[in-house]
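Inspection log for the structure reproduced underneath, given as structure tokens.
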Amino acid sequence: MADTTVQHKAEAWIIKHGLATQFPGVAFVGKKMKLSWGGSFAFDAVSQDQAMVIAISTSSARTSTGKLATAKFQKLKTDALYLLHLETEARRIMVFTEESMYEYFKKAVDAGRFPPSIELLYIPLPAHLHAEVLLSREVASNETSPSSSSRNVF
């Protein structure tokens, strides 16, 4: 299983520093919120007054092999579903640390294939943290990619 420590570190940086820049004076914490159908979901960042609820993505729109990151898109669309079904009124926001993913969802909104009621924000990570995220992705990709020596040859 891939180590997600660096992604959590990046999310923590977004919550503490990135969102502070976008929303000065507003404090955010990760929090479970009730959904309209009775369940709950743990969102990455919720303002203390619960007026803003945020999902954070550190994913790229492309895989290490250059293909579209379809599984990541589906995960983010699931996050959007939860945002849309909050029991309470709030600003619904998705924050992207990768410009490629931000651009993908911005184009989806423009094409009518993603809800415009969810605000999209691009907040880049500082260079040192972005480098850690990239290295973490590479390690995870190497762990999950089949190696040529492990393939069965018949």
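The values are calculated or read from the model by the stated rules, or taken from the named source; none is laboratory data. Since the structure is predicted, the reported quantities are computational estimates derived from the model, not experimental observations. Don't worry about glycine lacking a Cβ; one is built from the backbone with ideal geometry, like all the others, and counts go over all protein chains shown. Note: accessible area is taken over every heavy atom of the protein model, side chains too, but ligands, DNA and RNA are not part of it. Shrake-Rupley method; radii C 1.70, N 1.55, O 1.52, S 1.80 Å.
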Quiz prompt | Cβ pairs under 8 Å, 6+ apart, first in region 106-122 and aromatic (Phe, Trp, Tyr), second open to solvent by less than 40 Å² (accessible area, probe 1.4 Å) and in a helix (DSSP H, G or I) | solution = Phe114/Ala80; Phe114/Phe105; Phe114/Ala108
Quiz item: Any idea which of (1) at pLDDT 95 or above; (2) farther than 21 Å from Trp13 by Cα is the one Thr70 doesn't satisfy?
Solution: (1)
Quiz prompt | Unmet requirement for Pro126, which otherwise passes all of (1) surrounded by 19 or more Cβ atoms within 10 Å (Cβ to Cβ); (2) in contact (Cβ under 8 Å) with a residue 60 or more places away in the chain | solution = (1)
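Here's the yes/no breakdown for (1) over 13 Å from the mean Cα position of the chain (by Cα); (2) closer than 21 Å to Ser136 by Cβ; (3) hydrophobic (A, V, I, L, M, F, W, C):
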site	(1), (2), (3)
Met52	yes, no, yes
Ser59	no, yes, no
Thr63	yes, yes, no
Lys67	yes, yes, no
Thr70	yes, yes, no
Leu81	yes, no, yes
His85	yes, no, no
Ala90	yes, no, yes
Quiz item: Tally time: how many residues in region 22-55 are of a type in the set (A, V, I, L, M, F, W, C) and not in a strand (DSSP E or B)?
Solution: 5
Quiz item: Of the residues that sit in region 11-32 and are surrounded by 18 or more Cβ atoms within 10 Å (Cβ to Cβ) and aliphatic (A, V, I, L, M), which one is farthest from Glu132 (Cα to Cα)?
Solution: Leu19
Practice problem: Collect the residues in region 31-49 that are within 14 Å of Thr88 (Cβ to Cβ) and of a type in the set (Asp, Glu), keeping them in residue-number order. | Solution: Asp49
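In the list Leu76, Leu19, which residue meets the criterion of being over 19 Å from Pro126 (Cα atoms), assigned to a helix (DSSP H, G or I) and at pLDDT 95 or above?
Values: Leu19 fails: over 19 Å from Pro126 (Cα atoms).
From the options Leu76, Leu19, the qualifying one is Leu76.
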